[in-house]
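Beneath this line is the structure, given in structure tokens, with notes to follow.
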Amino acid sequence: QVQVAESGGGEVQPGGSLRLSCTASGSFFVINQMAWYRQVPGKQRELVARVRAVGDTTYAGSVKGRFTISMENARNTVNLQMNSLKPEDTAVYYCHVTMGGVGETYWGQGTQVTVSS
């Protein structure tokens with residue numbers, strides 16, 4: 001069994017910052033990649049950022065330069081530092097974990113981020 005736990009969501013004013021964290025725990029050998037997705041009602045879940053265990057990162061164009069993803073391999077944790085937040089960043093943010101080997105994937109339960117004045 002693998003558990004994926006997120007933390008750090010909340011409400012912030014435009015221009016503010018939030019930091020999301022996600023930790024995978026349980027029975028597994030190695031993590032290949034960790035990522036953050038987000039979803040608003042009526043729209044498809046979209047990739048925000050991902051980081052591979054080897055260190056390379058990918059960002060959605062809408063967050064590039066404002067968000068930073070980082071992975072703490074030893075703690076099976078991924079962080080998403082979100083700066084200069086905009087109202088359009090409001091969404092439920094989900095952590096996604098891809099394991100090594102056969103590549104099982106797991107989702108967190110989601111954490112709400114609201115950017116509003």
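Tell me which of Gln81, Gly101, Val63 sits at the most positive position along the dipole axis of the range 39-105, charges placed on C-beta atoms (Lys, Arg +1; Asp, Glu -1).
Val63
Specify the longest stretch of the chain that does not include any exposed loop site, a site being one of the trypsin sites (Lys or Arg not before Pro) with a non-H, G, I, E, B DSSP assignment and at most 13 other Cβ atoms within 10 Å.
Counting only loop sites that pass the neighbour cut-off, the longest clear stretch is 65-117.
Starting from the Kirkwood Rh over alpha-carbon pairs, what translational D in µm² s⁻¹ does the range 21-117 have by Stokes-Einstein at 10 °C and 1.306 mPa s?
Roughly 115 µm²/s, to the nearest whole number.
What distance in nm lies between label points placed 7 Å from Cα along the C-beta direction at Val54 and Thr98?
1.2 nm
Leaving out ligands and nucleic acids, note down the accessible area per residue over the chain with a 1.4 angstrom probe, in whole Å².
Working: 6160 Å² over 117 residues.
Spelled out: the 1.4 Å probe surface of the chain, per residue, equals 53 Å².
The values are calculated or read from the model by the stated rules, or taken from the named source; none is laboratory data. Fair warning: this is a prediction, and the values are worked out from it, not measured in the lab. All Cβ positions, even for glycine, are placed from backbone atoms using ideal geometry, and neighbour counts span all protein chains on display. Surface accessibility is based on the protein's heavy atoms, side chains included, excluding ligands, DNA and RNA. Shrake-Rupley method; radii C 1.70, N 1.55, O 1.52, S 1.80 Å.
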